[in-house]
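Q: Have a look at this one before I ask anything.
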Amino acid sequence: MTQHGTVMDDEAGQAAFDAVIEADQRIEPRDWMPEAYRRTLVRQISQHAHSEIIGMQPEGNWITRAPSLKRKAILLAKVQDEAGHGLYLYSAAQTLGATRDEMTQQLIDGKAKYSSIFNYPTPTWADMGTIGWLVDGAAICNQVPLCRASYGPYGRAMVRICKEESFHQRQGFEILLTLMQGTEEQQKMAQDAVNRWYWPALMMFGPPDDESPNSAQSMAWKIKRFSNDELRQRFIGMLVPQAAILGVTLPDPELRWDEDGQRWHTSEIDWTEFHEVLAGRGPMNAVRLQNRRDAHEEGAWVREAAAEYARKQALASEGMAA
Ligand code: BYC
């Protein structure tokens with residue numbers, strides 16, 4: 001293993017690694033790193049990449065039915081952005097030695113996790129607004145601190161992703177605002193979508209801190225900067241004034257600011273639902289995976305053609321060099 005190109009034994013490597021983390025600087029791909037740090041990053045970054053790719057489906061479902069040409073162009077661009085995020089993130093995981101083929105195989109075999117949120121259906125146009133507002137909103141809250149993750153390629157990928165997510169969040173908010181200024185039927189459709197997505201969006205931040213096995217170590221390594229519950233609280237604080245502007249009700253009768261505890265008091269989150277979704281038994285898990293498998297099989301010819309083209313290019317440049 002190396003640190004800036006020099007061969008290091010494990011003891012010196014660990015000391016150099018600890019010093020970089022302590023000084024809040026960045027670990028780069030060729031630096032020495034503990035195996036567990038590498039594994040944690042591959043786990044989190046690949047899950048994140050899979051989430052972006054699977055996350056194209058709930059919105060992709062509405063591209064052909066968006067209510068105007070302008071809405072269609074915006075939605076198409078947003079879904080393409082998610083594909084781009086997946087690609088930056090797969091590339092970041094590849095710098096840690098994971099191959100794209102391995103990661104893809106784990107996803108289509110159903111062995112890899114991806115965000116629970118993408119296992120819910122999108123029956124109405126209001127779901128497009130709500131995904132932007134709540135899902136991209138939660139994503140920003142979770143991902144802005146990841147721009148400072150200690151692993152360089154991950155942090156840098158997150159900077160661009162967060163800029164795009166901010167646009168996504170605003171376009172979702174604008175869809176909901178338009179619906180809320182519309183007919184009674186449109187207002188009901190928007191409120192119904194908020195009712196369906198609110199709790200799953202809170203679950204995106206992961207299990208409560210005392211049931212989050214990875215948080216303490218990931219925070220010590222400065223991959224995560226805030227705990228799951230801290231970010232969930234921050235997200236609720238963001239939503240409350242925005243919900244008031246929209247005129248929608250957050251579907252939690254217990255929600256109130258607790259002045260003494262300096263935190264949002266909420267009803268209990270249904271963690272059984274979260275665990276069911278993670279176990280593959282959410283409303284759309286089977287459909288999402290089957291679509292991903294079909295797309296992989298149907299895209300085989302593209303991968304073969306690209307590999308063949310690369311092989312011919314390599315042969316041609318060898319011929320030129322000879
Ligand atoms: N869904 O110890 P914990 C997007 C798993 S894409 C599924 O707290 P950690 C977008 C967790 O992986 C948004 N699994 O873990 C795209 C762990 O399992 P393993 C995706 C979850 O890693 C398209 C176990 O539960 N965002 O924005 O410290 C359109 C215990 O949890 C979930 C990211 O991926 C969940 N919600 O913290 C629109 C952000 N929560 O691996 C929008 C990057 C937890 O031990 N990831 N699990 O078997 C992270 O920040 C962290 O990985 C998490 C979890 C906060 C999610």
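The values are calculated or read from the model by the stated rules, or taken from the named source; none is laboratory data. Treat the numbers as computed from the prediction; the structure is a model and nothing was measured. Cβ sites come from the backbone with ideal geometry, for glycine too, and all protein chains shown count toward neighbours. Ligands, DNA and RNA are excluded from the accessible area calculation, which covers all protein heavy atoms including side chains. Shrake-Rupley method; radii C 1.70, N 1.55, O 1.52, S 1.80 Å.
Q: If I take every Cα pair under 8 Å that is 6 or more residues apart in segment 119-225, average their sequence separation and divide by the length, what percent do I get for the relative contact order?
A: Dividing the mean separation by the residue count of segment 119-225 yields 38 percent.
Q: Still on this structure, please answer the following. Show me the ranking of peptides 45-54, 136-145, 299-308 by mean Cβ neighbours inside 10 Å, starting with the highest.
A: 45-54, 136-145, 299-308
Q: Still on this structure: Relative to the present Cα-Cα distance, how much length would full extension add between SER68 and PHE167 at 0.36 nm per residue of separation?
A: Length difference between fully extended and current span is 33.7 nm.
Q: I would also like to ask the following. Provide the FRET efficiency to the nearest 0.05 for the ARG160-ALA220 pair, computing r from the beta carbons and using R0 = 41 Å.
A: Efficiency at R0 = 41 Å is approximately 0.95.
Q: With label points built 7 Å along Cα→Cβ from the Cα atoms of THR99 and VAL302, find their separation and express it in nm.
A: Modelled inter-label distance: 2.1 nm.
Q: List the lysines whose alpha-carbon lies under 29 Å from that of LYS70, not counting same-chain residues fewer than 8 positions away?
A: LYS78, LYS163, LYS188
Q: Let me ask another. Whole number please: convex hull volume per residue of the Cα set in segment 264-322, in Å³?
A: Dividing the Cα hull volume of segment 264-322 by its residues yields 148 Å³.
Q: When the accessible area of segment 1-105 is split by element with a 1.4 Å probe, what percent falls to carbon and sulfur?
A: Percent of accessible area from carbon and sulfur atoms in segment 1-105: 55.
Q: Would you kindly compute the Cα radius of gyration of segment 205-283 and its largest Cα-Cα separation (Dmax), both in Å?
A: 14.8, 41
Q: If the only charges are +1 at each Lys and Arg Cβ and -1 at each Asp and Glu Cβ, what is the size of the charge dipole of the chain around the Cα centre, to the nearest 20 debye?
A: In debye, rounded to 20, the chain gives about 1040.
Q: Can you list the HN-Hα couplings for segment 18-24, worked out from phi with the Karplus curve (6.51, -1.76, 1.60; θ = phi - 60°), rounded to whole Hz and with x for Gly and Pro?
A: For segment 18-24, the Karplus curve yields 4, 5, 5, 5, 4, 7, 6 Hz.
Q: Starting with the highest mean, order 80-89, 254-263 by the number of other Cβ atoms within 10 Å, averaged over the residues of each peptide.
A: 80-89, 254-263
Q: Turning to a different aspect of this structure: Mean 1/r over all different Cα pairs, inverted: what Kirkwood radius does segment 71-115 give, in Å?
A: 11.9 Å
Q: Ok, one more. For the chain, go through all pairs of different Cα atoms, get the mean of 1/r, take its inverse, and jot down that Kirkwood value in Å.
A: After inverting the mean inverse Cα-Cα distance, the result is 21.5 Å.
Q: Using modelled backbone amide H atoms (1.01 Å from N, in-plane), which distant-in-sequence or interchain residues come within less than 5 Å of TRP32's amide H?
A: It is THR2, GLN3, HIS4, by chain and number.
Q: Follow-up question, since we're still on this one. With a 10 Å cut-off between alpha carbons and a GNM built on the chain, which of ALA15, ALA149, ALA93 moves the most?
A: Per the Cα network of the chain with a 10 Å cutoff, ALA15 tops the list.
Q: Normalised radius of gyration for segment 5-119, please: alpha carbon Rg relative to 2.2 N^0.38 Å, two decimal places.
A: 1.39
Q: In whole Hz and in residue order, list the ³J(HN,Hα) couplings for segment 201-206 that follow from phi through the Karplus curve 6.51 cos²θ - 1.76 cosθ + 1.60, θ = phi - 60°; x for Gly and Pro.
A: 5, 5, 6, 4, 6, x
Q: Tell me what the chain gives for mean residue ellipticity at 222 nm when only DSSP H runs of n ≥ 4 count, each as -39,500 (n - 2.57), the sum divided by the residue total, rounded to 500 deg cm²/dmol.
A: -20000 deg cm²/dmol
Q: Please work out how much length the chain gains when fully extended from GLN313 to ALA23, using 0.36 nm per residue of separation minus the C-alpha to C-alpha distance, in nm with one decimal.
A: The GLN313-ALA23 span can extend by a further 99.9 nm.
Q: Just the Cα atoms of segment 85-232, one point each, no solvent: what log10 I(q)/I(0) does Debye give at q = 0.14 Å⁻¹?
A: -0.79
Q: Solvent-accessible area per residue for the chain at a 1.4 Å probe radius, Å²?
A: Per residue, the chain has 51 Å² of solvent-accessible surface.
Q: Please turn the phi angles of segment 42-48 into ³J(HN,Hα) values with the Karplus equation 6.51 cos²θ - 1.76 cosθ + 1.60 (θ = phi - 60°), one per residue in order, whole Hz, x for glycine and proline.
A: 4, 4, 5, 5, 5, 4, 5
Q: Mind checking which of PRO123, ALA92, GLN47 is farthest towards the positive end of segment 28-132's charge dipole, using Cβ charges of +1 (Lys, Arg) and -1 (Asp, Glu) about the Cα centre?
A: PRO123
Q: Distance between Cα centroids, segment 24-60 to segment 248-262: provide it in whole Å.
A: Using only Cα atoms to place each centre, the spacing works out to 33 Å.
Q: Given the options LYS70, LYS222, LYS113, state which has the largest fluctuation in a GNM of the chain using a 10 Å cut-off (strictly under) for Cα springs.
A: Ranking LYS70, LYS222, LYS113 by mean-square fluctuation puts LYS70 first.
Q: Turning to a different aspect of this structure: Name the residues whose placed amide hydrogens come within less than 5 Å of the amide hydrogen of TRP264, ignoring near sequence neighbours (fewer than 5 apart) on the same chain.
A: Correct list: ASP258.
Q: Let me ask another. Hey, if you put +1 on the Cβ of every Lys and Arg and -1 on every Asp and Glu Cβ in segment 196-322, which of PRO200, SER317, TRP264 ends up farthest toward the positive end of that dipole?
A: Of PRO200, SER317, TRP264, it is SER317.
Q: By the scheme Lys and Arg +1, Asp and Glu -1, what is the net charge of all other residues having a beta-carbon under 9 Å from that of ILE53?
A: Local net charge: -1.
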